[in-house]
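Peer 1: Let me begin by handing over the structure; questions about it come next.
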Amino acid sequence: METTLHIRHPKPAAVDIVKEVELVLVLSRKSSESILINGDIKLTIIKVSGNRVRLGIEAPPDVTVQRTELQRRPVTIPTVPDDAVDTDTVYAST
């Protein structure tokens, strides 16, 4: 469930500024404890070592689980100069 909170700031120069803030649920878990999401996605803390946490994720086959740093973003790369081809769109992870 995603919730958006609208915060109104004092009016500088008679202009309303609305800032959207996403609320985040923060939970504490110990090793081998779990969190259930939407009744069918289970996150289990496997191991905590220093500042690293190993997570186990159980989810239905139709649920995509992806590390955010590996999400694909479209990138436009120039190709060989040719009147027939301008640019190609490829996907790169950053």
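None of the figures in this text is laboratory data; all of them are computed from the coordinates on show. Remember, predicted model here, so these are calculated numbers, not experimental data. Please note: Cβ atoms are built from the backbone with ideal geometry, for glycine as well, and neighbour counts cover all protein chains shown.
Peer 1: Starting from the 7 Å offset along Cα-to-Cβ, what nm value, one decimal, do you get for the label separation of Ser28 and Leu70?
Peer 2: Taking the two extended label points, one gets 3.1 nm.
Peer 1: How big, on average over all directions, is the shadow cast by the Cα convex hull of region 23-74, in nm²?
Peer 2: 5.3 nm²
Peer 1: Roughly speaking, what is the stretch gain from Glu58 to Ile41, that is 0.36 nm per residue apart minus the C-alpha to C-alpha distance, in nm to one decimal?
Peer 2: 5.6 nm
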